[in-house]
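Asks: After the structure tokens below, expect a handful of questions from me.
The values are calculated or read from the model by the stated rules, or taken from the named source; none is laboratory data. What you see is a predicted model, and the numbers here were worked out from it, not measured in a lab. Note that we place each Cβ from the backbone using ideal geometry, even for glycine, and neighbour counts take in every protein chain shown. Surface areas here come from the heavy atoms of the whole protein model, side chains and all, with no ligands, DNA or RNA. Shrake-Rupley method; radii C 1.70, N 1.55, O 1.52, S 1.80 Å.
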Amino acid sequence: MPPSRVLISLLICLRACFAAAQYDIAPIFQPAPRPAPTSLRLASDLRLETHFAPLTPGGVGLLRLSGGGIERARADFHGAVFSFFPADDGAYYALIAVDMNTHPRAYPLIVTAERASGDVVFEVPLRIESGAFITQNLVLPGNRVYLTDPAIEYDELARLSALTALVSPAPLWDASGFELPHDSALTTPFGDFRTLNEGRESRHTGWDQNLPTGSPVRAMASGEARFAGMLDIRGNYALIDHGLGIYSGYAHLSELHVEAGQRVEAGQIIGLSGNTGRSSAPHLHWEIAIRGKWVDGSAFLELWLPAPGGASGDANRRQ
Ligand SMILES: [Zn+2]
């Protein structure tokens, strides 16, 4: 092969490798053992573990509480309450979600375990680090420019916040855990600041995957559809409740294959990708909300999760 062809091949390979590695999610294959905690506190025979790296705005972390006699437990963080749930390893777990607009600094995380003999309280200082969010300009075609109206976005987010703040008391996901809704590469990341046609600024509540219209979109985990219909910005949209305040949303679909109230299995095709709503090209936008807060879905997928109580085995991410 002539040297120039070798050089071109090398450049193409490097470019492909760089593009593929840009937003890869590290796969965690089942069965995965529970990882070592990132911190550990002991009090009155109870053990509190944290399972997260430093959190950034939009981050999500896991708490594990174990010991005898726990009747209920809660975590209070930055004005929100996150309830613990029992898992089949006998411990209690809670997911904490950091609002994407949180100012970086230290905040107290208060964990209260209720026992017949009295409450046990842990106070954990939690530092929220700055996030590395990018800025992009989104160019909308003329017939969709009206969707840059802040009132339209405000109303839609208020509607979704009300839906995702509802907490189904038991986990609805199963031992297969959560996975990406499509195997293609992730493109536009969570949390980026967007100017719309060089004007008003908006935040990206999820991740994008570039897909031709008509690509099958999978439910990220089992649950129940809470919304399936048309929204102004998200276009054809499906919202699935996975229990305990965890929701996944799928936007800009060309077709919906699910109805509100329907039970959905992990991996079930819930619609086809498209270009409906405030979208400039065919793609899938997916997003994760925990108790009404949008969180970084890729961070959520990388998080180890226990199997819900009553299930057998650990529910870990397949990817
Ligand atoms: Zn998007």
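Asks: Is it the case that Glu259 is away from the ligand (no atom under 15 Å from the Cβ) and over 24 Å from Ala162 (Cα atoms)? Show your work before the answer.
Replies: Numbers: away from the ligand (no atom under 15 Å from the Cβ): yes; over 24 Å from Ala162 (Cα atoms): no.
Criteria not met by Glu259.
Asks: What residue, among those in region 243-256 that are buried (at least 24 other Cβ atoms within 10 Å of the Cβ) and either among the hydrophobic types (A, V, I, L, M, F, W, C) or away from the ligand (no atom under 15 Å from the Cβ) (or both), is farthest from Glu179 (Cα to Cα)? Before the answer, list the steps.
Replies: At the first step, the residues of region 243-256 found to be buried (at least 24 other Cβ atoms within 10 Å of the Cβ) are 246-253.
Within this subset, residues satisfying the condition of being either among the hydrophobic types (A, V, I, L, M, F, W, C) or away from the ligand (no atom under 15 Å from the Cβ) (or both) are 246-247, 251, 253.
Details: Ile246: 14, Tyr247: 13, Ala251: 17, Leu253: 19 Å.
Looking at the filtered set, the residue picked out is Leu253.
Asks: Another one. Count, please, the residues in region 224-237 that happen to be under 12 Å from Ile270 (Cβ atoms) and within 16 Å of the ligand (Cβ to nearest atom).
Replies: Of the residues in region 224-237, 2 are under 12 Å from Ile270 (Cβ atoms) and within 16 Å of the ligand (Cβ to nearest atom).
Asks: Shifting gears a bit: Which one of the conditions (1) crowded, with 22+ Cβ neighbours inside 10 Å; (2) away from the ligand (no atom under 16 Å from the Cβ); (3) part of a loop (DSSP other than H, G, I, E, B) does Ile240 fail to meet, given that it meets all the rest?
Replies: (3)
Asks: Go through region 262-273 and give me each residue that's within 16 Å of the ligand (Cβ to nearest atom) and either modelled with pLDDT under 95 or not in a strand (DSSP E or B) (or both). Spell out the reasoning first.
Replies: First, the residues of region 262-273 that are within 16 Å of the ligand (Cβ to nearest atom): 271, 273.
Hit for region 262-273 is Ser273, nothing else.
Asks: Determine whether Thr205 is assigned by TED's automatic domain parsing to the domain that holds Ser273, of a type in the set (Val, Ile, Thr), over 20 Å from the mean Cα position of the chain (by Cα) and buried (at least 16 other Cβ atoms within 10 Å of the Cβ).
Replies: Working: assigned by TED's automatic domain parsing to the domain that holds Ser273: yes; of a type in the set (Val, Ile, Thr): yes; over 20 Å from the mean Cα position of the chain (by Cα): no; buried (at least 16 other Cβ atoms within 10 Å of the Cβ): yes.
In short, no.
Asks: Have a look at Leu196, Leu186, Leu160, Leu180 and point out the one that is among the aliphatic types (A, V, I, L, M), under 14 Å from Glu287 (Cα atoms), within 16 Å of the ligand (Cβ to nearest atom) and open to solvent by less than 10 Å² (accessible area, probe 1.4 Å).
Replies: Leu160
Asks: Also: Please give the number of the condition Ala73 fails out of (1) modelled with pLDDT of 95 or more; (2) aliphatic (A, V, I, L, M); (3) under 18 Å from the mean Cα position of the chain (by Cα).
Replies: For Ala73, the exception is condition (3).
Asks: I'd like the full set of residues that are within 8 Å of the chain's Cα centre (by Cα) and away from the ligand (no atom under 12 Å from the Cβ), limited to region 274-299. Please lay out each step first, then the result.
Replies: Initial filter on region 274-299 (within 8 Å of the chain's Cα centre (by Cα)): 287-290, 294-299.
Answer for region 274-299, where residues must be within 8 Å of the chain's Cα centre (by Cα) and away from the ligand (no atom under 12 Å from the Cβ): Ile288, Ala289, Ile290, Val295, Asp296, Ser298, Ala299.
Asks: Taking the condition of being more than 23 Å from the chain's Cα centre (by Cα) and surrounded by 11 or more Cβ atoms within 10 Å (Cβ to Cβ), how many residues in region 140-155 meet it? Even if it seems obvious, please write down each step before you answer.
Replies: Of the residues in region 140-155, the ones more than 23 Å from the chain's Cα centre (by Cα) are 140-152.
Pick out the ones that are also surrounded by 11 or more Cβ atoms within 10 Å (Cβ to Cβ) and you get 140, 144-150, 152.
Adding up the residues that qualify gives 9.
Asks: Please indicate, with yes or no, whether at least one residue in region 209-223 is open to solvent by less than 20 Å² (accessible area, probe 1.4 Å), outside any loop (DSSP other than H, G, I, E, B) and farther than 21 Å from Gly267 by Cβ. Before you say what the answer is, go through the steps one by one.
Replies: Initially, region 209-223 is screened for residues open to solvent by less than 20 Å² (accessible area, probe 1.4 Å), giving 209, 211, 215, 217, 219-223.
Filter again for outside any loop (DSSP other than H, G, I, E, B), leaving 209, 217, 223.
Next, from what is left, pick out any that are farther than 21 Å from Gly267 by Cβ: none.
No: region 209-223 contains no residue that is open to solvent by less than 20 Å² (accessible area, probe 1.4 Å), outside any loop (DSSP other than H, G, I, E, B) and farther than 21 Å from Gly267 by Cβ.
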